[in-house]
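Accompanying notes for the structure given below.
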Amino acid sequence: MSDCIFCKIVNKEVPTNFIYEDEEIVAFNDINPQAPIHILVIPKKHISSLVELNKNDENLIGRIFGVINEIAKKEKIDKSGFRVIMNCGEDAGQEVKHLHFHILAGKKLGTKII
Ligand code: 5GP
Ligand code: ZN
């Protein structure tokens, strides 16, 4: 998608340091971190939100969680803990309409979900 900021990051039109990259998935630091560690994990393919997922994407979503596991170990937050958030749609405050998972860590996070 030409006007999608995350597609531009994937295509390297917006230079971004990738924490992780493979043929289907990339991860990079959030530009406006909400915790000492705030990483975004996204599919390279443009999927606007969770509700746009289809059966063919199930393997991709499983792989994203595998990548999150790998990043957690690499960032040494696997023992201390972390939170994974995915916002979907307006009421959840989804700003970027390209599916992404937030990894938040590096401090005691609030105990409430909202
Ligand atoms: P959402 O609210 O859609 O779940 O989260 C979007 C996230 O993307 C926000 O945390 C925001 O800071 C981050 N973000 C928006 N634009 C950019 C960008 O150009 N680069 C990076 N690295 N993060 C971005
Ligand atoms: Zn996109």
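The values are calculated or read from the model by the stated rules, or taken from the named source; none is laboratory data. This structure is a prediction, so every number in the text was calculated from the model and none was measured. Quick reminder, even Gly has a Cβ in these numbers, built from the backbone with ideal geometry, and neighbours come from all protein chains shown.
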Considering GLU95, GLU52, which residue is exposed (fewer than 12 other Cβ atoms within 10 Å of the Cβ) and within 26 Å of ASP3 (Cα to Cα)? GLU95
Pull out all pairs, ordered by first then second residue, where Cβ-Cβ is under 7 Å, the residues are six or more apart or on different chains, the first lies in the stretch 1-12 and is within 14 Å of SER48 (Cβ to Cβ), and the second is assigned to a helix (DSSP H, G or I) and near ligand 2 (Cβ under 6 Å from one of its atoms). MET1/CYS7
Failed item, numbered, when ASP22 is tested on (1) among the charged types (D, E, K, R); (2) under 14 Å from ILE71 (Cα atoms); (3) free of Cβ contacts under 8 Å to residues at least 12 places away in the same chain: (3)
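Residue by residue, here is whether (1) part of a loop (DSSP other than H, G, I, E, B); (2) surrounded by fewer than 15 Cβ atoms within 10 Å (Cβ to Cβ); (3) near ligand 1 (Cβ under 9 Å from one of its atoms); (4) at pLDDT below 95 holds:
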residue	(1), (2), (3), (4)
SER2	yes, yes, no, yes
LYS12	yes, yes, no, no
THR16	yes, no, yes, no
VAL26	no, no, no, no
ALA35	yes, no, no, no
ILE39	no, no, no, no
ILE47	yes, no, no, no
All positions within the stretch 49-59 that are over 18 Å from ALA92 (Cβ atoms) and either of a type in the set (A, V, I, L, M, F, W, C) or not in a loop (DSSP other than H, G, I, E, B) (or both): LYS55, ASN56, ASP57, GLU58, ASN59
The stretch 92-114: number of residues that are closer than 13 Å to SER49 by Cα, part of a loop (DSSP other than H, G, I, E, B) and not small (Gly, Ala, Ser): 7
With the requirement that a residue be out of contact with any strand residue (DSSP E or B) (no Cβ under 8 Å at 6 or more places or on another chain), part of a loop (DSSP other than H, G, I, E, B) and surrounded by 14 or more Cβ atoms within 10 Å (Cβ to Cβ), what does the stretch 60-86 give you? ASP78
Report, by residue number, each residue of the stretch 19-39 that is among the hydrophobic types (A, V, I, L, M, F, W, C), in contact with a helix residue (DSSP H, G or I) (Cβ under 9 Å, 6 or more places away or on another chain) and within 16 Å of ligand 2 (Cβ to nearest atom). ILE25, VAL26, ALA27, PHE28
